[in-house]
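The values are calculated or read from the model by the stated rules, or taken from the named source; none is laboratory data. Keep in mind the model is a prediction, meaning the values are calculated, not measured. Cβ sites come from the backbone with ideal geometry, for glycine too, and all protein chains shown count toward neighbours.
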Amino acid sequence: MSGLAGKVCVVTGAGRGLGRAIALAYAEAGGDVVVAARSRDEIEAVARLAEAKGRRALAQVTDVTRPEQLRALADAAMARFGRIDVWVNNAGGFTAEKGSIAEWLDVTEAGWDAMLRLNLTAQVFGAQAAARAMRAGGRGGAILFLSSIDSLYAAPGGEGIYGACKAAINNIVQTMAIELGQYGIRVNAIAPAVVETPLTAPWLATPEDRRERAKFYPLRRVGQPEDVAGAALYFASDAAAWVSGAVLLVSGGAVMTSDPYRYLLRVNDAR
């Protein structure tokens, strides 16, 4: 039930990290893939890898912060393949805008706007473009958002806007699941903890960094892109045919407690 044969899967932010892993997992499972990102070289390399697995692939240069380019991405997928079955809102992260990664007293309007465009506006209008295409096709589909464990607890020290965007996504997923269910469209989200990607590379630069970060998680390691890709494969497949409105933690066992990190650090320091 986990195969994607005959399905067309669009993945944003697919040139590297989680998006790359998800797109290649979909190709491995038999899906044709549309890979989108700003870097043509990166997405064309991913498309070639998907084609090497015997699948059709399209690389579409896309700036997700521009809704018209998200609509163009959906149009390109429909023009090439005639359908969209899966859409993954993966692109997101931090921005270079001053005041976007800051404690609340130092947040700027420009920083706020930049983070929302990348981590919330892009996801909403990507999902809208996907849902319109899926509704027109009459076959339903699956829309998947990448949330974050930061959506579930306070994210002080600079990640406040990011966490707020991801918390909003969790609510949007539930609302969209209700509104789009009548068209057979499922809407879900994955909320990862720290996964080793280019985005998190500064936190995991040395073996010592990895060991310290691993103490945060009961499974005693940071995540790998394939950990998230496995969950993304489930949500895209018919195995999740009756799952919608869900937010799945992929977090190495880290869950909400009154003070999870202090507890885990205390337990590990005592060993």
Exercise for review: Could you pull out the residue among Ala236, Ala229 that is surrounded by 13 or more Cβ atoms within 10 Å (Cβ to Cβ), at pLDDT 85 or above and in contact with a Cys (Cβ under 8 Å, 6 or more places away or on another chain)?
Suggested key: Ala236
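Just the residues that are small (Gly, Ala, Ser), surrounded by 15 or more Cβ atoms within 10 Å (Cβ to Cβ) and over 20 Å from the mean Cα position of the chain (by Cα), please, taken from the stretch 185-214.
From the stretch 185-214, those small (Gly, Ala, Ser) are 189, 191, 193, 201, 205, 214; that's our starting set.
With surrounded by 15 or more Cβ atoms within 10 Å (Cβ to Cβ) added as a condition, the list becomes 189, 191, 193, 214.
Answer for the stretch 185-214, where residues must be small (Gly, Ala, Ser), surrounded by 15 or more Cβ atoms within 10 Å (Cβ to Cβ) and over 20 Å from the mean Cα position of the chain (by Cα): just Ala214.
Find the residue count for the stretch 150-178, including only residues that are within 18 Å of Asp106 (Cα to Cα), among the hydrophobic types (A, V, I, L, M, F, W, C) and crowded, with 19+ Cβ neighbours inside 10 Å. Let's see the steps before the verdict.
Step one: list which residues in the stretch 150-178 are within 18 Å of Asp106 (Cα to Cα), which gives 154-165.
Still in the running and among the hydrophobic types (A, V, I, L, M, F, W, C): 154-155, 161, 164-165.
Next, from what is left, pick out any that are crowded, with 19+ Cβ neighbours inside 10 Å: 161, 165.
Total meeting the criteria: 2.
Run down Leu120, Leu58 and say which single residue is of a type outside the set (Phe, Trp, Tyr), farther than 23 Å from Ala254 by Cβ and over 15 Å from the mean Cα position of the chain (by Cα).
Residue meeting the stated conditions: Leu58.
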Check your understanding: Going by the structure shown, is Ala127 out of contact with any Leu (no Cβ under 7 Å at 6 or more places or on another chain), at pLDDT 95 or above and of a type in the set (A, V, I, L, M)?
Key -> yes
Practice item. May I ask you to list pairs of residues, at least six apart or on different chains, whose Cβ atoms are under 6 Å apart, with the first in the stretch 161-182 being polar (S, T, N, Q) and the second being part of a helix (DSSP H, G or I)? Key: Asn170/Ser151
Point to revise | Failed criterion for Ala155 (all others in (1) at pLDDT below 95; (2) within 21 Å of Arg38 (Cα to Cα) hold) | key: (2)
Practice item. Mind counting the residues in the stretch 129-147 that are part of a helix (DSSP H, G or I) and crowded, with 18+ Cβ neighbours inside 10 Å? Key: 5
Review point. Within the stretch 94-115, can one find any residue that is of a type in the set (A, V, I, L, M), buried (at least 16 other Cβ atoms within 10 Å of the Cβ) and closer than 22 Å to Ala236 by Cα?
Key: no
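Do any helices (runs of 4 or more DSSP H) entirely within the stretch 13-125 hold 1 or more residues that are free of Cβ contacts under 8 Å to residues at least 12 places away in the same chain and either more than 25 Å from Ala241 (Cβ to Cβ) or among the acidic types (Asp, Glu) (or both), and if so, which?
In the stretch 13-125, the matching helices (runs of 4 or more DSSP H) lie at 40-52, 67-81, 109-116.
What do you reckon, is Trp242 surrounded by fewer than 16 Cβ atoms within 10 Å (Cβ to Cβ) and modelled with pLDDT of 85 or more? Don't jump to the end; show me each part of the working.
Details: surrounded by fewer than 16 Cβ atoms within 10 Å (Cβ to Cβ): yes; modelled with pLDDT of 85 or more: yes.
Spelling it out, Trp242 is indeed surrounded by fewer than 16 Cβ atoms within 10 Å (Cβ to Cβ) and modelled with pLDDT of 85 or more.
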